[in-house]
Amino acid sequence: QVHLVESGGGLVQAGGSLRLSCAAAGRTFSSYNIGWFRQAPGKEREFVAAIRWNSDSTYYADSVKGRFTVSINNAKNTAYLQMNSLKPEDTAVYYCARMIGRDYDRISDYDYWGQGTQVTVSS
């Protein structure tokens, strides 16, 4: 059993920054890839970013590339999503999840999910 808890969300003005954390309890991140997704009101959950467990590869949605950075600290059992140059369209609930499949942008390739953290970007 893995319990994931996101934190760091909040209200920020456009152009601002936030850093989300994803802390894991139970089994560690070690050897598992971690993904970040988001879901805006009335929209489907979408892929944001992912990172391999050893940090040698990262993946980003086109909409966040160059603005968001995903990282992982296995010693702390925590993954991070640094979000810069935030836009109102980034407003959503952000989730982290543990990847068990091969496609980093496919929701069904993730098993354990956090409860989400709200990010609101005002214009």
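Using a 1.4 Å probe and counting only protein heavy atoms, arrange Ser108, Ser7 so the residue with the most accessible area comes first.
Details: Ser108 90, Ser7 60 Å².
My answer, sorted largest first, is Ser108, Ser7.
At 0.36 nm per residue, and after removing the present C-alpha to C-alpha distance, how many nm does the segment from Leu11 to Ser108 gain when stretched out fully? Could you put the intermediate results ahead of the total?
Working: separation 97, 0.36 × 97 = 34.92 nm, distance 2.96 nm.
Difference between extended and current length: 32.0 nm.
Arrange the residues Trp36, Trp113, Trp53 by how much accessible surface each exposes, largest first, with a 1.4 angstrom probe.
Working: Trp36 0, Trp113 65, Trp53 90 Å².
The ranking, largest first, comes out as Trp53, Trp113, Trp36.
Counting only DSSP beta bridges with both residues in the chain, what percent are antiparallel, rounded to the nearest 5?
Values: 38 of 42 bridges.
Given both bridge residues lie in the chain, the antiparallel proportion sits at roughly 90 percent.
With +1 on the Cβ of every Lys and Arg and -1 on the Cβ of every Asp and Glu, and nothing else charged, how large is the dipole of region 23-123 about its Cα centre, in debye rounded to the nearest 20?
Working: 12 positive and 10 negative charges, 44 e Å.
Dipole of region 23-123, to the nearest 20 debye: 220 debye.
Per residue, how much accessible surface does the chain expose to a 1.4 Å probe? Answer in Å², no decimals. The partial results should precede the final answer.
Values: 6310 Å² over 123 residues.
Result: 51 Å² per residue.
Residues of region 64-94 with backbone nitrogen within less than 16 Å of a virtual label 7 Å along the Cα-to-Cβ line of Glu46, please, listed as ranges.
Within reach of a label on Glu46: 64-68, 86-94.
Expressed as a rounded percentage, what relative contact order does the chain have, with Cα pairs under 8 Å and six or more residues apart? Intermediate results must be reported in sequence, preceding the final value.
Working: 312 pairs, mean separation 42.9, N = 123.
Value for the chain: 35 percent.
Show me the trypsin sites (Lys or Arg not before Pro) within region 1-45 that DSSP assigns to loop and that have at most 13 other Cβ atoms within 10 Å of their Cβ.
Values: sites: Arg19, Arg27, Arg38, Lys43, Arg45; in loops: Arg27, Lys43, Arg45.
Filter output for region 1-45: Lys43.
Obtain the radius of gyration and the Kirkwood radius of the chain from its C-alpha atoms and give Rg over Rh.
Working: Rg = 13.3 Å, Rh = 14.1 Å.
Checking Rg against Rh, the ratio lands at 0.94.
Taking all protein chains together and a probe of 1.4 Å, list Leu18, Leu81 from the most accessible to the least accessible. Don't skip to the end; give the middle numbers.
Numbers: Leu18 30, Leu81 0 Å².
The most accessible residue leads, giving Leu18, Leu81.
Between Ser71 and Gln115, 0.36 nm times their residue separation minus their Cα-Cα distance comes to what?
On the way: separation 44, 0.36 × 44 = 15.84 nm, distance 1.95 nm.
Extra length available between Ser71 and Gln115 comes to 13.9 nm.
Leaving ligands, DNA and RNA out of it, report the carbon-plus-sulfur percent of the accessible area of the chain at a 1.4 Å probe.
On the way: 2830 of 6310 Å².
So the carbon and sulfur contribution to the accessible surface is 45 percent.
Give me D for region 2-58 in µm² s⁻¹, whole number, from Stokes-Einstein with Rh from the Kirkwood sum over alpha-carbon pairs, 37 °C and 0.692 mPa s. Intermediate results must be reported in sequence, preceding the final value.
Working: Rh = 13.3 Å.
This corresponds to a translational diffusion coefficient of 247 µm²/s.
The values are calculated or read from the model by the stated rules, or taken from the named source; none is laboratory data. What you see is a predicted model, and the numbers here were worked out from it, not measured in a lab. Here the Cβ is made from the backbone with ideal geometry for all residues, glycine too, and neighbour counts use every protein chain on show. Remember, those area values only see protein heavy atoms, side chains included, never the ligands or the DNA or RNA. Shrake-Rupley method; radii C 1.70, N 1.55, O 1.52, S 1.80 Å.
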